[in-house]
Structures are given as C-alpha cells and as structure tokens.
Amino acid sequence: MIFVTGPLFAGKREYIRRTLGLSQEEFTRKAVWDVQELAAEVPDLSILAEKLSQKEIVVATETGGGVVPVDPRERAAREAAGRLACLLARRADAVVRVYCGLPQVLKGELPC
Amino acid sequence: MFTLVIGGAASGKSEYAEARALSLPGKRVYLATMRPSDGECLARIEKHRLRRADRDFETVEQYIDLDSAPIPAGANILLECVGNLLANEVYEPNGGGSDAVLHGINTLLSWCRHLTVVTNEVCSGGADYDESTLFYLRELARVNRALAAQADSVVEVVCGLPHFWKGAP
C-alpha cells in the first residue's frame, strides 16, 4: 500500500494518479482518499487502518497543523486523524508527502 | 530563473527571498502587493522597507493586474507576496481572480531576467473553515501548485532555513 499525505489542496491525488499512470477510473478503484474524515467515527483506529490498507493507495489530508481546536469534538477528530495517519504510514510500503504538487518520499520507494 | 519561496507566517521566507534576489544579477525591483489598508499593514510595510533600505531595490507597488506593472525589461524581480495579491484579485471589484495572478506572473516571466516569488503556506491547519475561507485556500493552493510546477526552484523556508522541494541551492 502507498500512503499519500500532505496539506489541504496540495494536489495529492493528482500527483499519485499521474505518477502511477492511472486513469481516473483505475484510481477510483484502487484508491481511497480523505480518510482523515473517517477517523473520528470509529471506535478502533487499528481496525480501520487494517481495512484501509487493503487498498493500493490511501490518501489523507494533514490536519494537525495550526491551533488546537477549542471544540472538543473537533479536537478529538483531529487527534484521531493524526493517529490514523501514523498507523497507515506504519503499514505502508511507501509513504509520500505532496506539497504544492511536489513529492517527498518519506518511506520506501514509489513503484515507477 | 524562477524561484518560488514558500513558508508559514514569520518563517523567515522574506529574508531568505531577499538574500536570494540579492545574489542574482540584474536591476533589482521589489514588487510589493500589500495594499496599505490599516496601521498594522503600514507597520509591516515599513519593517520590510527598512530592511531593504540599503539593498538597492527599486520598489514598485502593484496591488492587482501585474500585467500593467511598470517593470524594466531584464529586471531581477522579487515579488511579495502571492497571498496578498490573490486576496486583492479575488476581493477587489476590479480584480481578476486567481487566473489574473497566474497570467500576471507569466507576463513578468516573459520579460524579466530573474523572478523570485514569495508565497504563503496556509493549508496545514485542517479544513474546519467556512466556505468563503475554503474558497480562498483552494485558490491560493491552485496558484501555488501551478507556480511550483513552472518554477526552476521551489524552496520551503522553515525557521529561516531553506528546504528545497525542487531545484538546488
């Protein structure tokens, strides 16, 4: 599994789709994205991470920067999103961070 | 040569970009995009102006429509910053939105010798914003991605230190 992360609107999906030479349809089949939004809704993050890791590509937006939210639910959601990203990165064969559309491989190698 | 310098608030990106522009040949032009709308803006502009005082930059203020900026051909331009320029192009009545920002920068590229562009990292704090803020973030991110794709070098400045995402020091 390849885990792709980076700031909001950084071009994460477009980068990995193009790099792996996937059509939009292939990408939709092989990838799952915005997984940071799923983290808040589950009781066990490791089960979610395991399930997501069945996909070839998992994409998450970084949400841990900036001020800690005042709202307890938003705070918990952000915490869960960060923890999920760590679990996914641990399971991933390759981790790439995309910034302004440009890649930095943090773990492993991209198959291309 | 086209260098894109990006960083968060008070990351040292302006100082880095100025040093970069100073190391390059050509008539130096500081292209300022912040419209002085209140005391805080004026204080910030004054701070940057003082830092450039002995550095031989000609300052040109252009708040929208870079296409019409009076820039001599072959200049060594330091543009600061895309965040303000985009806000002006998006929110002012005569503004042309993000397309005008990209078009204007490409116009500069067509006649300058060197262009160093300072932009802002604003997308690292999650997505819990109202729709109008998200619109601005989306547009700034789009401009940043397009500029990063075109630039010879993309430098993120962290604590005053450069990290090259593209190109080399």
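Every number here is computed from the coordinates shown, using simple stated rules; none is lab data. Keep in mind that this is a model prediction, so the values were computed, not measured. So basically every Cβ, Gly included, is an ideal-geometry build from the backbone, and we count neighbours across all protein chains shown.
Annotations for the structure displayed:
- Near B:V117: Cβ cut-off under 12 Å, other residues only, Lys/Arg at +1 and Asp/Glu at -1. The net charge is 0.
- Within chain A, all pairs of alpha-carbon atoms sorted by distance into 10 Å bins from zero give the percentages 15, 48, 30, 7, 0.
- Candidate aspartates and glutamates - alpha carbon under 12 Å from A:K107, same-chain residues fewer than 8 apart omitted: A:D93
- Shielding by partners - mean other protein chain Cβ count within 10 Å, residues of B:134-145: 3
- Entries of A:K12/A:K55; A:K12/B:K13; A:K30/A:K51 with Cα pairs more than 20 Å apart: A:K12/B:K13
- Evaluating kT/(6 pi eta Rh) at 25 °C and 0.890 mPa s, with the Kirkwood radius of the range B:1-123 over Cα pairs in the Stokes-Einstein relation, gives 170 µm² s⁻¹.
- Of A:D34, B:D54, B:D65, the sequence from fewest to most neighbouring Cβ atoms within 10 angstrom is B:D54, A:D34, B:D65.
- Diffusion of the protein assembly as shown by Stokes-Einstein, at 37 °C in a medium of 0.692 mPa s and with Rh set to the Kirkwood radius over alpha-carbon pairs, works out to 163 µm²/s.
- Taking every alpha-carbon pair under 8 Å whose residues sit at least 6 apart, chain A reaches a relative contact order of 42 percent.
- Here the Gaussian network model covers chain A, with springs between Cα atoms less than 10 Å apart; of A:I47, A:I16, A:I57, A:I47 fluctuates the most.
- Neighbouring Cβ atoms from other chains, within 10 Å of the Cβ of residues in A:101-109, number 3 on average.
- From its DSSP helices (H runs of at least four residues, each -39,500 (n - 2.57)), the protein assembly as shown gives a residue-normalised ellipticity at 222 nm of -12500 deg cm²/dmol.
- Near-label residues of the range B:129-169 by backbone N, under 15 Å of a point 7 Å along Cα→Cβ of B:L50: none
- Contour minus Cα-Cα distance for A:Q54 and A:V42 (0.36 nm per residue): 2.6 nm
- B:Q150-B:A168 pseudo-label distance in nm [points 7 Å out on the Cα-to-Cβ vector]: 2.6 nm
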